[in-house]
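Worksheet: one structure, shown below.
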Amino acid sequence: MTQTIRPTSDELAALDVFQGVDLGSISDLLAHCPLVSLEPEDILLRAGQHHGILYLVLSGRLSVHLDGPSTDRVATIEAGHTVGELSVLDESPASAFVIAETPVRLLAVNEIAFWRMVNVSHDFAINLLLLLVQRLRANNTAISDKVRQQRELQRRAILDALTGLYNRRWLDESLPRLISRYATSGRPLSLLMVDIDHFKKFNDTYGHVVGDHAHGFRIHPT
């Protein structure tokens, strides 16, 4: 809901996007920006919807959710930060749901006021650019970490943890492809299967720890 109590100069100066900015040069623009308050679980932005507003977070905390309000949060937005600037810059719809975690107060800057501030204040434009660069780097790092985690999970899914050899899942996924490839090329394909008879007796006699050690033993060619 919209409030009438205006933010103080200290609240505005605490915003990252206004660091080093002469607030007097944009005070008339800010005076016409509505102040919005949210209660916990109120939705500020919905994925897929156009809004065209830059929100300045004066107090409280917001959470970001990709697939819906009830899904796990992927990020938080604290007081002093901004949200919605990309939709103003490229007129694209919101890419995520943004929800209040605590009572939140925001200043809503529409597209007209936003571009006027960019034209009036060089410092505001530079701050906004730096904030976007920081978010881009953070997103790239998060994506790289996610890719590494996925690759590690994929590796573990196809390798036997005890022996380090490819498991049944790898065989089910790869064997049809290998057969097709070698059939097309006309080259022979050999498949060797090795089994240890009566290994249960070994485990029962010497214990599973010793059995695991024997099972994981590899013969290296000399």
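Residues that are within 24 Å of Thr71 (Cβ to Cβ), of a type in the set (A, V, I, L, M) and loosely packed, with under 13 Cβ neighbours inside 10 Å: does the range 120-129 have at least one? Give the steps one after another, and end with the answer.
Keep residues of the range 120-129 that are within 24 Å of Thr71 (Cβ to Cβ), which gives none.
Checking the range 120-129: not a single residue is within 24 Å of Thr71 (Cβ to Cβ), of a type in the set (A, V, I, L, M) and loosely packed, with under 13 Cβ neighbours inside 10 Å.
Since Val74 meets every condition but one in (1) exposed (fewer than 14 other Cβ atoms within 10 Å of the Cβ); (2) of a type outside the set (S, T, N, Q); (3) at pLDDT 90 or above; (4) part of a strand (DSSP E or B), which condition does it not meet?
(3)
Of these, Arg105, Arg137, which one is in the same structural domain as Leu12 (by TED's automatic domain parsing), exposed (fewer than 15 other Cβ atoms within 10 Å of the Cβ) and basic (Lys, Arg)?
Working: Arg105 fails: exposed (fewer than 15 other Cβ atoms within 10 Å of the Cβ).
Being in the same structural domain as Leu12 (by TED's automatic domain parsing), exposed (fewer than 15 other Cβ atoms within 10 Å of the Cβ) and basic (Lys, Arg) holds for just one of Arg105, Arg137, which is Arg137.
Tally the residues that are outside any helix (DSSP H, G or I) and in contact with a Phe, Trp or Tyr (Cβ under 6 Å, 6 or more places away or on another chain), restricting the search to the range 109-159. Full working, then the answer.
Narrowing the range 109-159 to residues outside any helix (DSSP H, G or I): 109-110, 121, 159.
Checking which are in contact with a Phe, Trp or Tyr (Cβ under 6 Å, 6 or more places away or on another chain) leaves us with none.
Matching residues across the range 109-159 total 0.
Among the numbered criteria (1) touching a helix residue (DSSP H, G or I) at 6+ places or on another chain (Cβ under 9 Å); (2) of a type in the set (D, E, K, R); (3) surrounded by fewer than 11 Cβ atoms within 10 Å (Cβ to Cβ); (4) on the phi < 0 side of the Ramachandran plot, which one does Glu91 miss?
Result: Glu91 fails condition (4) only.
Kindly indicate whether any position in the range 1-9 is within 21 Å of Leu129 (Cβ to Cβ) and either of a type outside the set (Val, Ile, Thr) or out of contact with any Pro (no Cβ under 7 Å at 6 or more places or on another chain) (or both).
No, because not a single residue in the range 1-9 is within 21 Å of Leu129 (Cβ to Cβ) and either of a type outside the set (Val, Ile, Thr) or out of contact with any Pro (no Cβ under 7 Å at 6 or more places or on another chain) (or both).
In the range 169-200, what residues are of a type in the set (Lys, Arg) and exposed (fewer than 11 other Cβ atoms within 10 Å of the Cβ)? Even if it seems obvious, please write down each step before you answer.
The first filter runs over the range 169-200 and keeps only residues of a type in the set (Lys, Arg), leaving 169, 177, 181, 187, 200.
Correct list: Arg177, Arg187, Lys200.
Among the residues of the range 3-59, which ones are of a type in the set (Val, Ile, Thr), without any contact (Cβ under 8 Å) to a residue 60 or more places away in the chain and over 15 Å from Thr82 (Cα atoms)?
Thr4, Ile5, Thr8, Ile43, listed by residue number.
Give the range 12-39 a look and list any residue that's touching a helix residue (DSSP H, G or I) at 6+ places or on another chain (Cβ under 8 Å) and either of a type in the set (A, V, I, L, M) or surrounded by 15 or more Cβ atoms within 10 Å (Cβ to Cβ) (or both), or say none. Talk me through it step by step, then tell me what you get.
Initially, the range 12-39 is screened for residues touching a helix residue (DSSP H, G or I) at 6+ places or on another chain (Cβ under 8 Å), giving 12-13, 16-23, 25-26, 29-30, 32-33.
Leu12, Ala13, Asp16, Val17, Phe18, Gln19, Val21, Leu23, Ile26, Leu29, Leu30, Cys33, listed by residue number.
Mind listing whichever residues of the range 113-143 are of a type in the set (A, V, I, L, M, F, W, C) and in contact with a helix residue (DSSP H, G or I) (Cβ under 9 Å, 6 or more places away or on another chain)? Even if it seems obvious, please write down each step before you answer.
Taking the range 113-143 and keeping what is of a type in the set (A, V, I, L, M, F, W, C), we get 113-115, 117-118, 120, 124-126, 128-133, 136, 138, 142-143.
Selection gives Ala113, Phe114, Trp115, Met117, Val118, Val120, Phe124, Ala125, Leu128, Leu130, Leu131, Leu132.
The values are calculated or read from the model by the stated rules, or taken from the named source; none is laboratory data. Being a predicted model, the structure only gives us computed values, none of them experimental. Heads up, the Cβs are rebuilt from the backbone with ideal geometry, glycines too, and the neighbour counts pull from every protein chain shown.
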